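The values are calculated or read from the model by the stated rules, or taken from the named source; none is laboratory data. Keep in mind the model is a prediction, meaning the values are calculated, not measured. Because the Cβ atoms are built from the backbone with ideal geometry, glycine has one as well, and the counts that use them run over all protein chains shown.
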Amino acid sequence: MDLGIAGKRAAVAAASKGLGFAAAQALAAEGVRVAICGRDADTVEAAAARIGGDAVGLVADVGTVAGATGFVEAARSALGGVDILVPNAGGPPAGDFAAFDDVEEYTRAFALNALSTIAMCKAAVPAMQTQGWGRVVAITSISVRQPIPTLILSNTARAGVTGFLKTLAGEVAPDGVTVNSLQPGLHATERLGALHGDGADLGAMIPVRHIGRPEDFGACVAFLCSEAANYVTGAAIPVDGGTYGGLQ
C-alpha cells in the first residue's frame, strides 16, 4: 500500500532507539526524509546510519522546552521544513506515590513527557497550518487509559499531554493538520528491559500472547501519517496487543 507520503519531511524525537527509532525507520521506508535526535552523538549517528537513506542525526535533549524547540528548529533547517512531527521522550523514574516526597519530581516528569511535546508542537504546527498539510503523531503510553501503579509520574504527565493533543486536534483540523497519539503497551525495547528485565513471563499476560515488536508499532505511526488516514484526528489509540480491557 502506497501511503502517499514519499518526499515528506519528518522530525522524530528521541529516536536513536526504542519506539522512536522504529517510527523513524518505518517513515523512512515510505520515502519520508527523516531527522532524529538523541542525547548522545555516537548513538544518534549510528541510528541514522541504520535508518539509511538521507536520515539526519541531531543531538538534542527534548526533556527541556529549549531542547525540544531546538530539535524542531534544527530538523527544519536540515530538511527544509517539517511536515510530520513525532513527539516522543523517555520515561521518568518508576515509583508509586510514597516513593516521591519531592513534588518537583512531578514538575520534572511533566517537563519531560508533556511540556516537551507542547514545545515541539508550538515549533512545528504553525508552519503545517500555513502550508495546509501536516501530521502530528505523539508516542505516549497505555497508562493514559489504565494507570500503571509503579509509574505514577509517567501516568500523570502523559495523561496531561493527551488532553493537550486532543484540544489541539480540534483547532488545527480545518487547516489540513491531523493530531493523534499512540499508546504503546509492552514492546521489546530498552525501556522494557530496564523496568522488567527480559520480560519472559509478560507475554502470557497479553491477549495476543507476545510482547509487541517495535517495527509493528512503527508501521502504525507511518499509517497515521499517510494520506489514507486524513480523516483520523483527535484519536488516542492503544497499541498494546489487547491488554487494555475498557470499552473506551
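Report whether or not Thr107 is over 29 Å from Leu3 (Cβ atoms), surrounded by fewer than 16 Cβ atoms within 10 Å (Cβ to Cβ), at pLDDT 95 or above and out of contact with any Lys or Arg (no Cβ under 7 Å at 6 or more places or on another chain). The answer is yes for Thr107. Just one of the listed residues (Arg213, Arg158) is within 20 Å of Gly95 (Cβ to Cβ), charged (D, E, K, R) and in contact (Cβ under 8 Å) with a residue 12 or more places away in the chain, namely Arg158. Scanning region 1-24 for residues that are among the hydrophobic types (A, V, I, L, M, F, W, C) and either closer than 16 Å to Asp61 by Cβ or outside any loop (DSSP other than H, G, I, E, B) (or both) returns Ala10, Ala11, Val12, Ala13, Ala14, Ala15, Leu19, Phe21, Ala22, Ala23, Ala24. Checking each residue in region 152-169 for being buried (at least 17 other Cβ atoms within 10 Å of the Cβ) and in contact with a strand residue (DSSP E or B) (Cβ under 8 Å, 6 or more places away or on another chain) picks out Ile152, Leu153, Val161, Thr162, Leu165, Leu168, Ala169. For Val59, the requirement of being touching a Leu at 6+ places or on another chain (Cβ under 8 Å), farther than 24 Å from Gly212 by Cβ, surrounded by fewer than 20 Cβ atoms within 10 Å (Cβ to Cβ) and not polar (S, T, N, Q) is not met.
Pro87 passes every criterion in (1) more than 27 Å from Pro149 (Cα to Cα); (2) crowded, with 24+ Cβ neighbours inside 10 Å apart from (1).
The residues in region 214-242 that are at pLDDT below 95 and loosely packed, with under 13 Cβ neighbours inside 10 Å can be counted, and the count is 1. The residue pairs whose first member lies in region 51-68 and is at pLDDT 95 or above, whose second member is buried (at least 16 other Cβ atoms within 10 Å of the Cβ) and among the hydroxyl-bearing types (Ser, Thr, Tyr), and whose beta carbons are closer than 6 Å, counting only pairs six or more residues apart or on different chains, are Val62/Ser116; Ala68/Ser116. Only a single criterion out of (1) among the hydrophobic types (A, V, I, L, M, F, W, C); (2) part of a loop (DSSP other than H, G, I, E, B); (3) modelled with pLDDT of 95 or more; (4) farther than 21 Å from Ala13 by Cβ is not satisfied by Ala173, namely (2).
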